[in-house]
Amino acid sequence: EAGVAQSPRYKIIEKRQSVAFWCNPISGHATLYWYQQILGQGPKLLIQFQNNGVVDDSQLPKDRFSAERLKGVDSTLKIQPAKLEDSAVYLCASSLNFDTEKLFFGSGTQLSVL
Amino acid sequence: GEDVEQSLFLSVREGDSSVINCTYTDSSSTYLYWYKQEPGAGLQLLTYIFSNMDMKQDQRLTVLLNKKDKHLSLRIADTQTGDSAIYFCAESKSNTGKLIFGQGTTLQVKP
């Protein structure tokens, strides 16, 4: 079974530039999550989708971050404009449904903002 | 509130047992998890325990849950150098899927 796919693996940008990350969840998984992991910290949930609807985006800085999952499968997370403090690993995860005990994580996109 | 705390670092010798501890604050948590993260890699689910259990064993891993004290531990028997990684404790609530993670414990295994 293929895992959660993310791209790119690494991204280096300058502050005030824009960046987008892509995630393809495990086939058949209805729930998709984006987590932000700052160096030395545990991951923090940014946004949760159930199919193509947003369930929880309370921790998403909406003035600069946006995410979509238009067809209920792939998802993109965008930052515009980026700040230095956005440097982190962005992890995508998926699960069969929101009430399942198993989340599966991708390898993440490491973003460096200079 | 939502808060998960872990000690930051643990060093053991190969072949010894490792015990990684975690405390959480939300008594409504449904599942508690242990994830492993190796350098440059994503999070690998090691094991999880339902909140109405107090112990779960899976090969070299033993999870103990003390709900009264809101304390979770992960014991790794016969620790190997390949177990060197960061271990994250996480809690989730029923019907949300949202995980709250601790800051991670770096396990160093010396030969």
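The values are calculated or read from the model by the stated rules, or taken from the named source; none is laboratory data. Note that the coordinates shown come from a computational prediction; the quantities given were computed from them, not determined experimentally. When we count neighbours, we look across all protein chains shown, and the Cβ atoms used for this are built from the backbone with ideal geometry, even at glycine. In case anyone asks, the SASA skips ligands and DNA or RNA and just uses the protein heavy atoms, side chains included. Shrake-Rupley method; radii C 1.70, N 1.55, O 1.52, S 1.80 Å.
Observations, loosely collected:
- Applying a threshold of 9 Å to beta carbon distances and a minimum spacing of six or more residues, or different chains, the list of pairs starting in the range B:1-22 at a residue that is within 16 Å of residue B:63 (Cα to Cα) and part of a loop (DSSP other than H, G, I, E, B) and ending at one that is open to solvent by 70 Å² or more (accessible area, probe 1.4 Å) and not acidic (Asp, Glu) reads B:17/B:75.
- Search result, residues across the range B:11-20 that are surrounded by fewer than 17 Cβ atoms within 10 Å (Cβ to Cβ) and out of contact with any helix residue (DSSP H, G or I) (no Cβ under 7 Å at 6 or more places or on another chain): B:11, B:13, B:15, B:16, B:17, B:19
- Restricting the range A:74-87 to residues that are open to solvent by less than 10 Å² (accessible area, probe 1.4 Å) and under 15 Å from residue A:23 (Cα atoms), the residue that is nearest to the chain's Cα centre (by Cα): A:77
- Failed item, numbered, when residue B:43 is tested on (1) touching a strand residue (DSSP E or B) at 6+ places or on another chain (Cβ under 8 Å); (2) without any contact (Cβ under 8 Å) to a residue 40 or more places away in the chain: (2)
- Residues (over 20 Å from residue B:42 (Cα atoms) and at pLDDT 95 or above) located in the range A:15-48: A:15, A:16, A:17, A:18, A:19
- Residue list for the range A:88-99, restricted to those being surrounded by 16 or more Cβ atoms within 10 Å (Cβ to Cβ) and within 7 Å of chain B (Cβ to nearest Cβ): A:91, A:95, A:98
- Complete set of residues in the range A:8-56 that are small (Gly, Ala, Ser), surrounded by 13 or more Cβ atoms within 10 Å (Cβ to Cβ) and in contact (Cβ under 8 Å) with a residue 24 or more places away in the chain: A:20, A:30
- Subset of the range B:38-54 that is more than 13 Å from the chain's Cα centre (by Cα) and open to solvent by 50 Å² or more (accessible area, probe 1.4 Å) - its residue that is farthest from the other protein chains (Cβ to nearest Cβ): B:54
- Residue among A:102, A:62, A:71 that is under 20 Å from residue B:97 (Cα atoms), open to solvent by 40 Å² or more (accessible area, probe 1.4 Å) and either part of a loop (DSSP other than H, G, I, E, B) or of a type in the set (Val, Ile, Thr) (or both): A:102
- Considering the range B:26-37, the residues that are open to solvent by less than 70 Å² (accessible area, probe 1.4 Å) and not in a strand (DSSP E or B) include one that is nearest to residue B:87 (Cα to Cα), namely B:26.
- The criterion of at least 2 residues that are more than 11 Å from residue A:67 (Cα to Cα), within 13 Å of chain B (Cβ to nearest Cβ) and not aromatic (Phe, Trp, Tyr) is met by the following strands (runs of 3 or more DSSP E) wholly inside the range A:11-54: A:31-37, A:44-50.
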